[in-house]
Amino acid sequence: MSTEIRVGDIGTEFRVTITDDGVAVDLSSATSLVINFRKPDGTILSTSAYLYTDGLDGIIYYNTVDGDLDQSGQWKIQAVIETGGATYSSSVGTFKVSCNLV
């Protein structure tokens, strides 16, 4: 993730690591990978995520597309995955999206 995120940015990469008791969850056979974003106005942007490597490291990612980062302010992020009949949710993180001059 870049150090400064701005409204309208495209291609900003968000990575989330799924752990269970501090150990990376093997996601190689996951059936669902989702990253949810809560916007400053409270609405949810739910995106399909992808394995960052082979899944053994528990890392998933999403790159923003046009229209995703449409509000300035404090955002929240959380991943939810399904694998082997279990559902795991990451911790909730926060990040700031800054406005542009025009």
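Quick notes on this one:
- Among the residues making up segment 90-102, those that are surrounded by fewer than 18 Cβ atoms within 10 Å (Cβ to Cβ), in contact (Cβ under 8 Å) with a residue 24 or more places away in the chain and not basic (Lys, Arg) are 93, 95, 98, 99, 100.
- Selection count, segment 70-84, where residues are of a type in the set (Asp, Glu) and in contact with a strand residue (DSSP E or B) (Cβ under 7 Å, 6 or more places away or on another chain): 1
- Residue 26 vs. criteria modelled with pLDDT under 95 and open to solvent by 40 Å² or more (accessible area, probe 1.4 Å): yes
- Selection of segment 36-69 for residues being open to solvent by 80 Å² or more (accessible area, probe 1.4 Å), touching a residue at least 24 places away in the same chain (Cβ under 8 Å) and either within 20 Å of residue 19 (Cβ to Cβ) or touching a strand residue (DSSP E or B) at 6+ places or on another chain (Cβ under 9 Å) (or both) yields 38, 41, 52, 54, 56.
- Of all residues in segment 76-89 being more than 15 Å from residue 44 (Cβ to Cβ) and open to solvent by less than 60 Å² (accessible area, probe 1.4 Å), the one that is farthest from the chain's Cα centre (by Cα): 86
- Residue that is open to solvent by less than 50 Å² (accessible area, probe 1.4 Å), at positive phi, within 15 Å of the chain's Cα centre (by Cα) and in contact (Cβ under 8 Å) with a residue 12 or more places away in the chain, where the choices are 73, 11: 11
The values are calculated or read from the model by the stated rules, or taken from the named source; none is laboratory data. Quantities reported herein were computed from a predicted structural model and do not represent experimental measurements. Every residue, glycine as well, gets a Cβ built from its backbone with ideal geometry; the counts of neighbours run over all protein chains shown. Calculation scope for accessible area: heavy atoms of the full protein, side chains included, ligands and nucleic acids excluded. Shrake-Rupley method; radii C 1.70, N 1.55, O 1.52, S 1.80 Å.
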